[in-house]
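The structure appears below as structure tokens.
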Amino acid sequence: MKKLTTIIVLIAGILIVSICNFNTVREAFELNTRNAAVDSKVINKENKYIKSELKIPKLVMNNKEIERILNKKFESDIMNFYNTSVKEAEYYFDDFPDAENKFVISSDYEIKKSNNKVLSMLIKYYKYSGGAHGTYEYIPYNVDLTSGGIFTLKDLFNENSNYKVVIENEIKKQIIQLNKEQNLPKNSTQLYAFNEIKDNQKFYIADDTIVIFFDLYDIAPYVAGIPEFPINKEIISNLLNNQYKEIIFFKE
């Protein structure tokens, strides 16, 4: 009887381990087939001019060719930022050899949307080179994962559509509300001085919105940070071309 009990306990243990392993494999398989998994590569570099911590996104996809091309671009762009910053630091310390503080730079990233059709990601750059505060910039990567292509805001819309006017009007409405919240006149430019979006306007995708954003000092003072304006899909749905409407607002 004791031997039988031992056998039953052993079999139960094997079943529990098998179920746990199956769930782990299933979760990994579902992640790999549904979404582009994102890992990180961290590079720390320091010399007499500069200190850097660079966090580089590394996609893991079923399509290894697209994975290779995108990962190469991400790393190349981040290392270009590093190399440019090193040159700036060298020039600065050549002119001011007694300066005490090194340049400090970093890169990080944030995934805004990810499924098996689209990846919307921000790579965030920070640089401190003296003064009251550092500066930062967000670079968007909006990727059609079915082709590996990076698309622009203009790509999303039907040719000859008035998407710019529609988006600009929505941003102006939101600014009026923001002014109201700050007890400013509705048409005040004290907080935001916005006229129009650019041909290469920065944006990212999140849920059912396209989020338009601006660089530091672009339309607002430093204290306002990176101004963001979500544009709900209902506002622009009839202007989107069918190809990208399916991709960017795809739900699993």
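The values are calculated or read from the model by the stated rules, or taken from the named source; none is laboratory data. Quick caveat, the model's predicted, so the values are computed rather than measured. Heads up, the Cβs are rebuilt from the backbone with ideal geometry, glycines too, and the neighbour counts pull from every protein chain shown.
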Counting only residues that are out of contact with any strand residue (DSSP E or B) (no Cβ under 8 Å at 6 or more places or on another chain) and part of a loop (DSSP other than H, G, I, E, B), which one in the stretch 215-248 is farthest from Ser114 (Cα to Cα)? Pro221
Condition set of a type in the set (Asp, Glu) and surrounded by 12 or more Cβ atoms within 10 Å (Cβ to Cβ), scope the stretch 77-100, selection nearest to Gly134 (Cα to Cα): answer is Glu88
Expected single match for basic (Lys, Arg) and more than 19 Å from the chain's Cα centre (by Cα) among Lys87, Lys55 is Lys87
Just to be sure I understand the filter: pairs with C-beta atoms under 8 Å, separated by 6 or more residues or on different chains, first member in the stretch 60-72 and of a type in the set (Val, Ile, Thr), second member part of a helix (DSSP H, G or I) and surrounded by 15 or more Cβ atoms within 10 Å (Cβ to Cβ). Which pairs pass? Val60/Glu67
Would you check if there is a residue in the stretch 196-208 being part of a loop (DSSP other than H, G, I, E, B), outside the structural domain of Pro230 (by TED's automatic domain parsing) and surrounded by fewer than 16 Cβ atoms within 10 Å (Cβ to Cβ)? no
Subset of the stretch 128-180, residues assigned to a strand (DSSP E or B) and not β-branched (Val, Ile, Thr), comes to Tyr128, Tyr136, Glu137, Tyr138, Pro140, Tyr141, Asn142, Asp144, Gly149, Phe157
Inspect the stretch 135-158 for any residue being over 29 Å from Asn116 (Cβ atoms), at pLDDT below 95, buried (at least 16 other Cβ atoms within 10 Å of the Cβ) and of a type outside the set (S, T, N, Q) and give the result as yes or no. no
Which residue out of Tyr141, Tyr128, Tyr92 is outside the structural domain of Asn242 (by TED's automatic domain parsing) and closer than 23 Å to Ser76 by Cβ? Tyr141
Pairs returned, first residue in the stretch 184-208 that is over 23 Å from Glu234 (Cα atoms), second residue that is surrounded by fewer than 13 Cβ atoms within 10 Å (Cβ to Cβ) and among the charged types (D, E, K, R), beta-carbon separation under 9 angstrom, 6 or more apart or interchain, are Lys186/Lys180
Answer yes or no as to whether Tyr163 is among the aromatic types (Phe, Trp, Tyr) and not assigned by TED's automatic domain parsing to the domain that holds Phe214. no
Is one or more of the residues making up the stretch 161-177 surrounded by fewer than 18 Cβ atoms within 10 Å (Cβ to Cβ) and closer than 24 Å to Met61 by Cα? no
Checking Ser52 against (1) of a type in the set (Gly, Ala, Ser); (2) farther than 30 Å from Glu246 by Cα; (3) at pLDDT below 95: exactly one of these is not met. Which one? (3)
State yes or no: is Tyr109 closer than 30 Å to Ser52 by Cβ, of a type outside the set (D, E, K, R) and not assigned by TED's automatic domain parsing to the domain that holds Tyr49? no
Are any of the residues in the stretch 12-30 at pLDDT 85 or above and over 28 Å from Lys127 (Cβ atoms)? no
